[in-house]
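For reference, the structure discussed in these notes is given below.
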Amino acid sequence: MSAAHLLRHSRKLRSLHNALDCERSGLVRYFSTASGSFPTKGNGAEKRIGGARFPQRKQPGKELETSKVSLGLNGSYTCRRSPNNFIPNTITGLNGSLSCGQIASARSFSSSADLPPHQEIGMPSLSPTMTEGNIARWLKKEGDKVSPGEVLCEVETDKATVEMECMEEGYLAKIIHGDGSKEIKVGEIIAVTVEEEGDIEKFKDYKPSTLAAPVAPSELKAQSEPTEPKVEEREPSKASEPKAPRTEEPSRSGDRIFSSPLARKLAEDNNVPLSSVKGTGPDGRILKADIEDYLAKGGRKEALAAPGLSYTNVPNAQIRKVTANRLLSSKQTIPHYYLTVDTRVDNLIKLRGELNPLQESSGGKKISINDLVIKAAALALRKVPQCNSSWMNDFIRQYHNVNINVALQTEHGLFVPVIRDADKKGLGMIAEEVKQLAQRARDNSLKPDDYEGGTFTISNLGGPFGIKQFCAIINPPQSAILAIGSAERRVIPGSANGQYEFGSFMSATMSCDHRVIDGAIGAEFLKAFKGYIENPTSIYTGN
């Protein structure tokens, strides 16, 4: 909702210039009517929530008039009105209740003229599930000139490494979080830019205010909803410590340790003994922040390891954490069942041997067994579209596109890039895309478009690792995943009595979400898949 819209529909906001008297105030800065951002003021720094920066509407040589207003929303606030009576279309000082969109940057101004105008750049939200990110490396260094569209740094999200582009022209004055910085919350300040090159030196020792730091998008949404007053748990500081004495229970009475419910829950989840944590709350009470600090310093419970064992704690990469959470959620919330079929692949291997010389002569990539499996599964999904669906609680969403995710293991973790419309693409194009995506995964340079939007997943541990058969975990929100095992030679009865022949057979196991795919439907899919594998010429006809 725009601020102009709020002004039209609120009597209090329409009469800002008539309201008087306040106890505390925030600064309202005038922007053009095209502005889509909301500035907020706190501790001498103005934060801008929204998109791009807009010019200030101010007549040269004229100062803004200041009037104090009472909005009735968590206190009173100040607005400044220009002599030509421009109506302000941005409101600040509302504790985030008028904020919309995610935090892109924060533009700060010094209240004591010790710092020139500058822009604080926050950690962006680069994927729908991202709550924190890591700085892989900075492509610009302090003092460099930056222009819109230039890449500032590479950010490791919960799924891939993404380039972060600059939105405004200026100079990179200060890098708050350098190369390799880990677990930076969305919205947390990572760098500062200035407009004038001569202002760079003034930010040599700059440190962002923790109180002025932007909050995450999820917190903005929560703040915009009216709620009953809550007593928030905060680590006391000299600035926020109440003057009136408070009566609290002592943190320890005998063997009893006093702590907040959030702190106890976090300690239990991470096997942290409360007796080893020093509380910073009133009278030594242990707060959630104390547990987080303890964990950040590596203070996990060591008693879990048997005495005398030698071990190394390997830090989890962001993608490892996300993969673990998603797979755990999948097994806990999706009713898995499994169907396995053995398919004879002699004709498939023969066809591949005939196609690859043609591919090489035309300059194309070699076709692998996995490429043929992707194409066969895509055509089977087109025949049995019930398996190309997702559970949406109130309904089942059946997709018209057949987008196949392919599981790839790299040194950076497990990636599942997507082959879009695999049922409509030729084998050569599928082979080309798989190899390109695999290389990007190894380079840790996949973009969100490379892995989002899949409707079905294939995991192949047979060809690379020789695994005979396995059951894979469904990749939410999909309803099935196909696990491909290795091909093995078997002795089978021949065409005549008493005769035997050799055949190569491959195991394929489908994990199904029973809410979406009934057993008979899953069997129908595997029947169609087996038909394409054993009669691969039908892949070209699609029958």
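Descriptive notes on the structure:
- Contact order relative to length of region 321-541, as percent, for alpha carbon pairs under 8 angstrom and 6 or more apart: 30
- Nearest-10 value in Å² for the accessible area of Leu437, using the 1.4 Å probe: 20
- With DNA, RNA and ligands ignored, accessible area of Phe395 (1.4 Å probe; Å², nearest 10): 100
- Over 21 Å (Cα to Cα) - which of Lys159/Lys468; Lys383/Lys425; Lys140/Lys435; Lys145/Lys204 fall in this group: Lys159/Lys468; Lys140/Lys435
- Largest-first principal axis extents, alpha carbons of region 388-458, Å: 40, 28, 18
The values are calculated or read from the model by the stated rules, or taken from the named source; none is laboratory data. Just so it is clear, the structure is predicted and the values come from calculations on it, not from any experiment. Side chains are part of the model used for accessible areas, which takes the heavy atoms of the whole protein and leaves out ligands, DNA and RNA. Shrake-Rupley method; radii C 1.70, N 1.55, O 1.52, S 1.80 Å.
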